[in-house]
Amino acid sequence: MNASNSTAVRRADWRMAALVFVWLGTLAGATRASSFDIVIQPDFALAANADALAAVERAALAWESVFSDPITVVIDARFAALGTMVLGSADPATFDVTYDTLRTLMVMDADADDTLVASLQAVEPTVTLPAGFSLADKWTVTQANIKALGAPFSGVDGILRMSSDAPFDFDNSDGVDPLLYDFETIAIHEIGHILGFLTGVSDVDSRLNANQPGEVAAYGMDLLRFANDVPGADPETPADFASFPRSLLTGGDAITDLISAEYRMSTGVSTGDGRQASHWKANETTGVLIGVMDPTFARQEVVPITAADLAMLDFLGYDHVVPEPTGLLLAIAAVLCLALGRRR
């Protein structure tokens, strides 16, 4: 992460067809962890810096506090020089599946608040691409995301790299120095990529810049990516969402459309708006900070996980923590009892 985050992607070369049978056969009865857990495996340099390691652990806890999937996400965390003003980067382990498999897993995993998932058609949606490009017969998702959808995987789900030579404040609890960047915010952001915040538009952008059009894969969150304010391409109803084409174009105005809410997206470093596409639209461009998956951060800026960040990952299969009604009632009762006690 710097003025535009650098996120590398590596794909696991597994035998997809055989594993699909394993997933679908074990979704109902697989033995899984008891709660959403992110395990940080630090390298020597990060382990030796207690303040930096504590900040990474707090970043993991921030995500753990908002999701309830009974899975363990394992992240190798490294602390090293990353280059001029590169604050952090993420290298998620990814997995390629057919659209039919992805949709099946999402539908089987859906809970009461995942109403939009039901609008995904059995037929693969049309994807708009630049001239000379074609869509691969696969959709890419991160391994952590596949776990959230019920796949019984183990092993490392991604690599988190944090800069050891950037000007960081490692503890924002007492504020952040005006000349420093908030280490915890950057770590939260990079973990978000490992969880699934990725788009195929980044591949399109790189290929266009190199003048190498060809076959590209769409990513899970591209199921929500549309062209803004274009007739027949910007959905307003679940029926529109089901049938309108998704967009992997680098130009124009791209949005994530959840029907109930729209969020503008970055469109590409080289041939788009100058920001890596696997992010919300940069707040310095729009004047609106959408969430922690913004592509840029200023010194002293602390950004939490927002409703927009949660909505994206919730659609992809993560279960957003909702307060239990019983706990809420107990809290209200406690407040009432305290009030009555004071009145006496």
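The values are calculated or read from the model by the stated rules, or taken from the named source; none is laboratory data. Owing to the predicted nature of the structure, the values given are computational and were not obtained by experimental measurement. Using ideal geometry, Cβ is built from the backbone for each residue, glycine included, and neighbour counts are taken over all protein chains shown. Just so you know, the surface numbers come from the protein's heavy atoms only, side chains and all, with ligands and any DNA or RNA stripped out. Shrake-Rupley method; radii C 1.70, N 1.55, O 1.52, S 1.80 Å.
Points to keep in mind about this one:
- Segment 247-327: C-alpha gyration tensor shape, a/c 1.5 cut-off, then a/b vs b/c: oblate
- Residue by residue, segment 165-179 carries 3J(HN,Hα) couplings of 10, 8, x, 10, 9, 8, 9, 8, 5, 10, x, 10, 4, x, 9 Hz when phi is fed to the Karplus relation 6.51 cos²θ - 1.76 cosθ + 1.60 (θ = phi - 60°); x denotes Gly or Pro.
- Cα gyration tensor shape of segment 64-185, rounded if a/c is under 1.5, else prolate or oblate by comparing a/b with b/c: prolate
- Computed over protein heavy atoms with a 1.4 Å probe, the accessible surface of segment 133-251 works out to 33 Å² per residue.
- Whether segment 131-261 is rounded, prolate or oblate, judged on the alpha carbon gyration tensor where a/c under 1.5 counts as rounded: prolate
- Amide hydrogen neighbours beyond the local backbone of Trp139, cut-off 5 Å, H modeled: Val97, Thr98, Tyr99
- Reported to the nearest whole Å, the Cα centre-to-centre distance from segment 137-151 to segment 227-249 is 24.
- Residues Glu236 and Thr84, FRET efficiency given R0 of 45 Å [Cβ-Cβ distance, rounded to 0.05]: 0.55
- Protein accessible area in segment 166-222, 1.4 Å probe - carbon and sulfur %: 43 percent
- For Gln41, net neighbour charge (Lys/Arg +1, Asp/Glu -1) across residues whose Cβ lies under 11 Å away: -2
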